[in-house]
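Colleague: Right, I'll just put the structure down here and ask away after.
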Amino acid sequence: MSTFFFILLVLLPVFTFLTPFDLMKRSSVYKPSQQTAELMMQLNKKYHMEMGITGSTDTV
């Protein structure tokens with residue numbers, strides 16, 4: 001029973017203080033340059049592929 005309270009005392013501040021900062025974090029938006037877009041078009045034509053430039057920069 002005391003282990004439960006110890007874990008609760010440790011985890012409660014973590015969720016209380018870190019969660020609001022995680023929720024307020026803005027996700028970054030990637031906007032490709034004109035050169036990058038043209039390069040992707042040329043590569044798609046050359047290799048007959050459909051690679052796209054996504055707006056997500058998430059690496060997880």
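Colleague: What is the local net charge at Met40, summed over the other residues whose Cβ is closer than 13 Å to its Cβ (Lys, Arg +1; Asp, Glu -1)?
Modeller: Surrounding charge for Met40 is 0.
Colleague: Follow-up. Could you pull the accessible area for Ser27 with a 1.4 Å probe, rounded to 10 Å²?
Modeller: Answer for Ser27: close to 100 Å² accessible.
The values are calculated or read from the model by the stated rules, or taken from the named source; none is laboratory data. All figures in this text were calculated on a predicted structure; none of them were measured in a lab. Counting neighbours? That spans all protein chains shown, and the Cβs are built from the backbone with ideal geometry, glycine included. Accessible surface is based on the protein model in full, side chains and every heavy atom, while ligands, DNA and RNA are left aside. Shrake-Rupley method; radii C 1.70, N 1.55, O 1.52, S 1.80 Å.
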